Structure formats: C-alpha cells, structure tokens
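Please read the structure below before turning to the comments.
The values are calculated or read from the model by the stated rules, or taken from the named source; none is laboratory data. These figures come from a predicted structure and were not determined experimentally. Cβ sites come from the backbone with ideal geometry, for glycine too, and all protein chains shown count toward neighbours.
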Amino acid sequence: MAWFKRTRKPIAAPDKASRVPEGLWVKCPGCSALIYNKELEANLRVCPKCAHHFRLTAADRLRTLFDGPFEVIDERLVSTDPLGFVDTKPYRERLAAGLAATGLTDAVVVAIGRIDGIEAVIASMEYYFIGGSMGAVVGELITRAAERALDRRLPLIIVSCSGGARMQEGVLSLMQMAKVSAALARLDRAKVPYISVLADPTTGGVTASFAMLGDLNVAEPKALIGFAGPRVIEQTIKQKLPDGFQRSEFLREHGMLDMVVDRRELVATLGRALRFMGAG
Ligand SMILES: [Zn+2]
C-alpha cells in the first residue's frame, strides 16, 4: 500500500510573485538595516551588513547551488492523508494551503545538475510547505534521490530546512527516518559521497535521521538545529540552557557538526569537499 499517489496532471504553480515577500526594501531581522531587495537577492539573501542568512525557498536554494540549468526530478507525489487527520483543521486543507503557497505538492524538491562543475543529486527541503515537515512523500522522494545517486554513482547533497516529522501522518512519517537512513547506508556502503547541509531550522525527526548522517555535516551560520525545542529540554532536565544552545556554532564547538559555512562560500566549500571525496 502506498501512502502517496501520483497526480494525474502537473499541478500549475501559482503566480511566482505570491511566494516571495514583495517590496523594494527588506528589514533585516539581524541588524534592522533596510536592504534593497535586489541587493539582497544578488547577495544570495545574506544581509550585506551583518551576514544574517534569510531563509531560502527550495527552488532558490537549488538556483544558488547549481552552476546553471538543472533537471528537477519531479515525481509529483501527493500525500493521501492516510489517517484522515484533523487537528485545528483537516490535514487535506493544510496540504492544499502548502500547494497554494509554494506550487509544490510536498516539502522537498530533488534535482540533478552541476555544482562547482561536479554532477550531483541535490534534495532541497521547502520550509514554506507545512514547515518543511517530513511525511511519506518527503521520505519517498529523498529515498529515491539516494537511490538515483547510487544508480548513477553521483554524490548526494540534502539541504535540510524542516520542523521535523509531520505529525499529521503519525507513525508513517516516523518510519521515513528509518527508510531514508537505510537508503543512505546503501550509499555509504557503495562509497558514494553524501553531504548534509543544515539550514535554519533543522529540527525533530529530520535532525534525528538524515541531516546528521552526512559524510560531512555542514550548517549555515546561526541555524537552529536540534531535536526537541529548548523549552521541552529545560522542563525535562530542570536546568537553564547555555547561550547559543542549538545554534550551528555551538553545535560545531561541541562536535555535532563538521563545519559552519557562510552561504556565499557554500558552493566552493561543497565542491572542494566533493573533490576530496573523489567525486567528479
Ligand atoms: Zn543585517
């Protein structure tokens, strides 16, 4: 039984303008400077004054990573709402809202192209689709990305940007953690490189599975990365958490990450790492 179905026809993407916050100027949450939107775009949506990393859509992420054109492996899978889940509103409505907001049928886009001259498979998570959460469709698409990377012996990069497993799919979303991890283990045994890039935020079941399984785990500066949220942890251990807890820099200092890399250096860094691992 599949917990997802293929749509009969491609779903039309909504007007692109509706996805991007409009306006000529953007106020930086890091330094409160007003930045000209075009200047921000040209700087990969990193604040030129304080280097605050604005969140990217999955598609913008792919555009910033690939050298040029890339082929989206568009499986057009849609969740079947296997539990008929309703919380404050029906899960089906949340799926429809995610589609309207992003033009995507779920929270990941997988594509093949060249990064720093090296052909690679990149899976890019879409935070604006139900918080980038992982249900059966995300798990299936990332598994297929790993399988494609294995078949063609191409390195795999997964850019995580996710609130974790999708509770509206219950245990079916939790089992994706094991399923993706098993696919990555096959990649590992075949000695095909996998690099995990953790963007803000990477939490829950995504952190607890593929985001931490890279041959190299690289995060963007100041990204929130964790499993449970700080409030839950404080209540559980009854201790105050240190400053910067669950941010990239803290995690690197404590051995949870290999590198923290500015987005403007990411392509060169990934290219260097992939070449070091024998890709290309
Ligand atoms: Zn700033």
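Taking the numbered list (1) among the hydrophobic types (A, V, I, L, M, F, W, C); (2) within 13 Å of the ligand (Cβ to nearest atom); (3) at negative phi; (4) assigned to a loop (DSSP other than H, G, I, E, B) in turn, Ala51 passes all entries but (3).
On the given criteria, is Pro21 of a type outside the set (A, V, I, L, M, F, W, C) and at pLDDT 95 or above? For Pro21, the condition - of a type outside the set (A, V, I, L, M, F, W, C) and at pLDDT 95 or above - is not met.
Take Pro69 and tell me if it is within 16 Å of the ligand (Cβ to nearest atom) and surrounded by fewer than 18 Cβ atoms within 10 Å (Cβ to Cβ). If you could, list the steps in order and put the result at the bottom.
Working: within 16 Å of the ligand (Cβ to nearest atom): no; surrounded by fewer than 18 Cβ atoms within 10 Å (Cβ to Cβ): yes.
It is false that Pro69 is within 16 Å of the ligand (Cβ to nearest atom) and surrounded by fewer than 18 Cβ atoms within 10 Å (Cβ to Cβ).
The set of residues from the range 139-197 being assigned to a strand (DSSP E or B) and in contact (Cβ under 8 Å) with a residue 60 or more places away in the chain comprises Ile157, Val159, Cys161, Ile195, Val197. On the stretch given as the range 230-259, residues that are assigned to a loop (DSSP other than H, G, I, E, B), touching a residue at least 24 places away in the same chain (Cβ under 8 Å) and touching a Gly at 6+ places or on another chain (Cβ under 9 Å) total 1.
For the range 35-46, state whether one or more residues are outside any helix (DSSP H, G or I), within 16 Å of the ligand (Cβ to nearest atom) and in contact with a Pro (Cβ under 8 Å, 6 or more places away or on another chain). Yes, that holds for at least one residue.
Before we move on, is Glu140 modelled with pLDDT under 95, touching a helix residue (DSSP H, G or I) at 6+ places or on another chain (Cβ under 9 Å) and either more than 29 Å from Arg275 (Cβ to Cβ) or surrounded by 20 or more Cβ atoms within 10 Å (Cβ to Cβ) (or both)? Let's see the steps before the verdict.
Details: modelled with pLDDT under 95: no; touching a helix residue (DSSP H, G or I) at 6+ places or on another chain (Cβ under 9 Å): yes; either more than 29 Å from Arg275 (Cβ to Cβ) or surrounded by 20 or more Cβ atoms within 10 Å (Cβ to Cβ) (or both): yes.
Answer is no for this residue.
The numbered conditions (1) out of contact with any Phe, Trp or Tyr (no Cβ under 7 Å at 6 or more places or on another chain); (2) surrounded by fewer than 17 Cβ atoms within 10 Å (Cβ to Cβ) are all true for Pro230 except (1).
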